[in-house]
Amino acid sequence: GLARLLEDRYGAADNLTDRRTVLSLVARLPELDEQTRQRILEDFYTQWQSQALVIDLWFNLQAQSPRSDVPALQALTSHPGFDRKNPNRVRSVYGAFGMLNLRRLHALDGSGYEFVASAVAEMDTINPQIAARLATPLTRWKKFDPTRQRLMRDALNSLLSGDTQDLSKDLFE
């Protein structure tokens, strides 16, 4: 079946490009069982954990996957390899989610918008420029249906609900 095919291709890959291609499928395909998915993802991480740019890619592929809902993203940001002070790592999770995981970002329960707003608020205290960039998907609310517009505005307003003096100049703009 599919699991066997992907495991065989992953095992036979003799270069990073081929492994990355299989990893992208493993991260995305809804019909792949979770056990096989986790086994391949963990193997890739273990093999490449000393290569920061490759691990950024590992985070990115998972964050942009429609299989990754908010709890899965929270698990990613709790992973020992995730570092909020590393701009590339932050972009590989929060940025990839906000720009590439459109199904989960625009979920009708508003959870994707809340996740982004929470990340923006947290990052604003660490790196205001990145926080402002991460907020970009929420600022495009006019392009969406009334329900999503309201949810996106609510998420943006949640950033303002505290003292606006606590917001960085980058984010406030």
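The values are calculated or read from the model by the stated rules, or taken from the named source; none is laboratory data. Predicted model, so just to flag it, every value in this text is computed and none were measured. Note: ideal-geometry Cβ built from the backbone for every residue, glycine included; neighbour counts use all protein chains shown. Ligands, DNA and RNA are excluded from the accessible area calculation, which covers all protein heavy atoms including side chains. Shrake-Rupley method; radii C 1.70, N 1.55, O 1.52, S 1.80 Å.
Going through the range 34-65 one residue at a time, which ones are over 25 Å from His106 (Cα atoms) and among the acidic types (Asp, Glu)?
Passing the criteria: Glu42, Asp43.
Does the range 102-113 include one or more residues that are farther than 14 Å from Gln62 by Cβ, among the polar types (S, T, N, Q) and open to solvent by 40 Å² or more (accessible area, probe 1.4 Å)?
The answer is no, given that none of the residues of the range 102-113 is farther than 14 Å from Gln62 by Cβ, among the polar types (S, T, N, Q) and open to solvent by 40 Å² or more (accessible area, probe 1.4 Å).
Which of (1) hydrophobic (A, V, I, L, M, F, W, C); (2) closer than 25 Å to Ala52 by Cα; (3) touching a Leu at 6+ places or on another chain (Cβ under 7 Å) is the odd one out, the single condition Met152 does not satisfy?
(2)
Applying the selection to the range 142-173, what residues are among the aromatic types (Phe, Trp, Tyr) and modelled with pLDDT of 95 or more?
Applying the first criterion (among the aromatic types (Phe, Trp, Tyr)) to the range 142-173 yields 144, 172.
Matches in the range 142-173: Phe144 only.
Of the numbered conditions (1) surrounded by fewer than 22 Cβ atoms within 10 Å (Cβ to Cβ); (2) closer than 30 Å to Leu151 by Cβ, Arg39 satisfies every one except a single condition; which is it?
Failed condition: (2).
Can you name every residue in the range 117-173 that is hydroxyl-bearing (Ser, Thr, Tyr), open to solvent by 30 Å² or more (accessible area, probe 1.4 Å) and not in a helix (DSSP H, G or I)?
Filtering the range 117-173 for residues hydroxyl-bearing (Ser, Thr, Tyr) gives 118, 125, 136, 139, 147, 158, 161, 164, 168.
With the extra rule that they be open to solvent by 30 Å² or more (accessible area, probe 1.4 Å), the set shrinks to 118, 125, 136, 139, 147, 158, 161, 164.
Of everything in the range 117-173, those that are hydroxyl-bearing (Ser, Thr, Tyr), open to solvent by 30 Å² or more (accessible area, probe 1.4 Å) and not in a helix (DSSP H, G or I) turn out to be Thr125, Ser161.
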